[in-house]
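Comments concern the structure below.
The values are calculated or read from the model by the stated rules, or taken from the named source; none is laboratory data. What you see is a predicted model, and the numbers here were worked out from it, not measured in a lab. A quick note on method: Cβ atoms are made from the backbone with ideal geometry, for glycine too, and the neighbour counts reach across all protein chains shown.
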Amino acid sequence: MSAIRLLVLGSVRQHGRAHGYQVRNDLEYWGAHEWSNAKPGSIYHALKQMAKQGLLRAHEIAPSTAGGPPRTEYELTEQGTEEYFRLLREALTSYDQKVDVKSAAIGFVVDLPRAEAVSLLRERTRRIDEWRAAVTQHYVPEEGPEQLGHIGEIMNLWLHTADAEAAWAQGLIARIEGGAYTFHGEGDPFVGILAADQENPYATGERHPEDGR
């Protein structure tokens with residue numbers, strides 16, 4: 001799974017309707033340009049591709065007063081909403097993924113009902129346990145990594161990573177079950193997007209032809 005699709009769909013969904021520069025601004029505000037491939041070019045490419053795929057509906061609006069080409073605003077279609085939640089659920093349960101996908105999923109987890117979020121995270125821990133068991137068929141942790149020469153350090157790293165992630169997931173489950181955060185249907189959601197006139201302290205300053213400014 002590509003994190004950029006989930007990030008872009010999630011950003012557009014939070015706005016309701018947004019142009020590329022707003023989406024880019026959101027992702028930089030979240031720091032996604034540091035921990036994912038959410039660079040300006042990939043963001044605009046993702047918007048265009050998902051519009052072609054029917055996940056986004058494109059609306060061309062007047063050029064900005066600063067000049068440049070007309071801006072295009074996007075909103076999720078019904079198919080786009082279904083894809084967003086499919087990607088979110090997959091990212092929360094799958095263990096074989098990169099940190100950018102996991103980070104994106106946690107950033108949007110409150111878009112789900114609380115009970116479903118807990119259920120998906122429990123499935124994640126089950127899959128971690130299952131994967132760990134598969135590794136220990138070939139590697140005995142109690143015997144240390146030396147049993148396989150320096151290659152054993154790789155499996156040792158895998159197990160430490162799995163154990164750390166399982167502990168983190170269990171902690172998150174406990175916090176959610178304890179009432180932390182506001183989930184779907186519980187009240188006003190957390191707003192993690194910038195207002196139209198709000199300065200982004202984390203903007204890269206790089207311009208893209210479609211910024212329209």
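A few comments on the model shown:
- Output for the range 5-36, where each listed residue is hydrophobic (A, V, I, L, M, F, W, C), surrounded by fewer than 23 Cβ atoms within 10 Å (Cβ to Cβ) and closer than 16 Å to Val109 by Cα: Trp30
- Test result for Ala115, more than 10 Å from the chain's Cα centre (by Cα), surrounded by fewer than 20 Cβ atoms within 10 Å (Cβ to Cβ) and within 22 Å of Arg13 (Cα to Cα): yes
Residue-by-condition table, conditions (1) out of contact with any Leu (no Cβ under 9 Å at 6 or more places or on another chain); (2) not in a loop (DSSP other than H, G, I, E, B):
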site	(1), (2)
Asp96	yes, no
Val109	no, yes
Ser119	yes, yes
Arg124	no, yes
Ala134	yes, yes
Ile154	no, yes
Thr161	yes, yes
Ala166	yes, yes
Tyr181	yes, no
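- Which listed residue, of Glu34, Glu60, Glu83, Glu90, is charged (D, E, K, R) and more than 14 Å from the chain's Cα centre (by Cα): Glu60
- Unmet criterion (only one of (1) at pLDDT 85 or above; (2) closer than 21 Å to Ile4 by Cα; (3) in contact with a Ser or Thr (Cβ under 8 Å, 6 or more places away or on another chain)) for Ile173: (2)
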